1. Any residue in region 21-31 that is open to solvent by 60 Å² or more (accessible area, probe 1.4 Å), in contact with a Pro (Cβ under 6 Å, 6 or more places away or on another chain) and not polar (S, T, N, Q)?
2. Any idea which residue in region 1-28 is farthest from the chain's Cα centre (by Cα), counting only those that are of a type in the set (Ser, Thr, Tyr) and at pLDDT below 80?
Amino acid sequence: MTAPKATREGAAHILLVDDDENLGMIVSDRLMNAGYRITQARNLREALDLVTHEVQRCKRPPDLSTTAPG
C-alpha cells in the first residue's frame, strides 16, 4: 500500500500516532518536507478525539493514519 500523494489541490493529510515524541518529530518533519499535511497524536485516544473533532467541524478526516508498532 502506498501513501496518498500530495496534489496541486492540497497536500494529503496524514495522522501520525506515536508515543515517542522525538521519533514523531523526525517522521513528521520528513513527511512535511515531502509535501504532506501532518497531524500528530500521542496515543490512540488522542487520535480518535482529533478525527472526531475534525469530522464534527465538517472538515475532511485524514487520508491516512499510521501508528507505531507495540
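1. The initial filter retains those residues of region 21-31 that are open to solvent by 60 Å² or more (accessible area, probe 1.4 Å), namely 21-23, 25-26, 29-30.
Add one more test, that the residue is in contact with a Pro (Cβ under 6 Å, 6 or more places away or on another chain), and what stays is none.
Among the residues of region 21-31, not one is open to solvent by 60 Å² or more (accessible area, probe 1.4 Å), in contact with a Pro (Cβ under 6 Å, 6 or more places away or on another chain) and not polar (S, T, N, Q), which makes the answer no.
2. In the first step, residues of region 1-28 are kept if they are of a type in the set (Ser, Thr, Tyr); the result is 2, 7, 28.
Those left that are additionally at pLDDT below 80: 2, 7.
Working: Thr2: 15, Thr7: 16 Å.
Looking at residues that are of a type in the set (Ser, Thr, Tyr) and at pLDDT below 80, I get Thr7.
For (1) assigned to a helix (DSSP H, G or I); (2) farther than 11 Å from His13 by Cβ; (3) of a type in the set (Ser, Thr, Tyr); (4) in contact (Cβ under 8 Å) with a residue 12 or more places away in the chain, each residue gets a yes or a no:
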site	(1), (2), (3), (4)
Ile38	no, no, no, yes
Arg45	yes, yes, no, no
Leu48	yes, yes, no, no
Thr52	yes, yes, yes, no
Val55	yes, yes, no, no
Lys59	no, no, no, no
Ser65	no, no, yes, yes
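The values are calculated or read from the model by the stated rules, or taken from the named source; none is laboratory data. All values reported here derive from a predicted model rather than from experimental measurement. Here Cβ is always computed from backbone atoms with ideal geometry, including for glycine, and neighbour counts include all displayed protein chains. Accessible surface areas use protein heavy atoms only, side chains included; no ligands, DNA or RNA. Shrake-Rupley method; radii C 1.70, N 1.55, O 1.52, S 1.80 Å.
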